[in-house]
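Trainee: One structure coming up, written as structure tokens, with questions to follow.
The values are calculated or read from the model by the stated rules, or taken from the named source; none is laboratory data. All figures in this text were calculated on a predicted structure; none of them were measured in a lab. Cβ: placed from backbone, ideal geometry, glycine included. Neighbour counts: every protein chain shown. Ligands, DNA and RNA are excluded from the accessible area calculation, which covers all protein heavy atoms including side chains. Shrake-Rupley method; radii C 1.70, N 1.55, O 1.52, S 1.80 Å.
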Amino acid sequence: MAGIAGIQLELLNRRLADHDLSLVLSDTVMDKLLEVGFDPVYGARPLKRTIQQLIENPLAESILAGKFAPGDSISGDLEDDRVKFVKA
């Protein structure tokens, strides 16, 4: 599961690199992704949707709101069961 999550997040980082941004997630965020994104019946299939909901969508909103600019390194950590993004 962690390998699949790593691949999905690497794809996200490549898309961010096109806009001169980078993302680093804490271990607690990774643990949350693996916890929420795994289903005993479906295996790792829900993981991509979980990454979209917990990482990609909130991060896109922050970028569009002007919180991050080209050249920024973004750090994500778990706070109150949500991922909080800050400049690293």
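Trainee: Run down the lysines and flag those whose C-alpha is under 18 Å from the C-alpha of LYS87, throwing out any fewer than 8 positions away in its chain.
Mentor: LYS67
Trainee: Right, here's the next one. Averaging sequence separations of C-alpha pairs under 8 Å and six or more residues apart, then dividing by the length of the chain, give the relative contact order as a whole percent.
Mentor: About 32 percent, as a whole number.
Trainee: While we're here: Rounded to the nearest 500, what is the 222 nm mean residue ellipticity of the chain from helices alone, with -39500 (n - 2.57) per DSSP H run of 4+ residues and division by all residues?
Mentor: Taken over the chain, the calculation gives -14000 deg cm²/dmol.
Trainee: Please list 26-32, 54-60 highest first by mean number of surrounding beta-carbon atoms within 10 Å per residue. Let's see the in-between values first.
Mentor: Values: 26-32: 15.1, 54-60: 16.7.
Result, highest mean first: 54-60, 26-32.
Trainee: Calculate, for the chain, the solvent-accessible area per residue in square angstrom, rolling a 1.4 angstrom probe over the heavy atoms of the protein chains.
Mentor: Per residue, the chain has 64 Å² of solvent-accessible surface.
Trainee: So, with a 1.4 angstrom probe, what is the percent of accessible area on the chain that is carbon and sulfur?
Mentor: Result for the chain: 51 percent of the exposed heavy-atom area is carbon or sulfur.
Trainee: Also, quick follow-up: Taking the 0 to 90 degree range and rounding to the nearest ten, how far is the long axis of helix 2-17 tilted relative to the main principal axis of the chain, both from C-alpha atoms?
Mentor: 20
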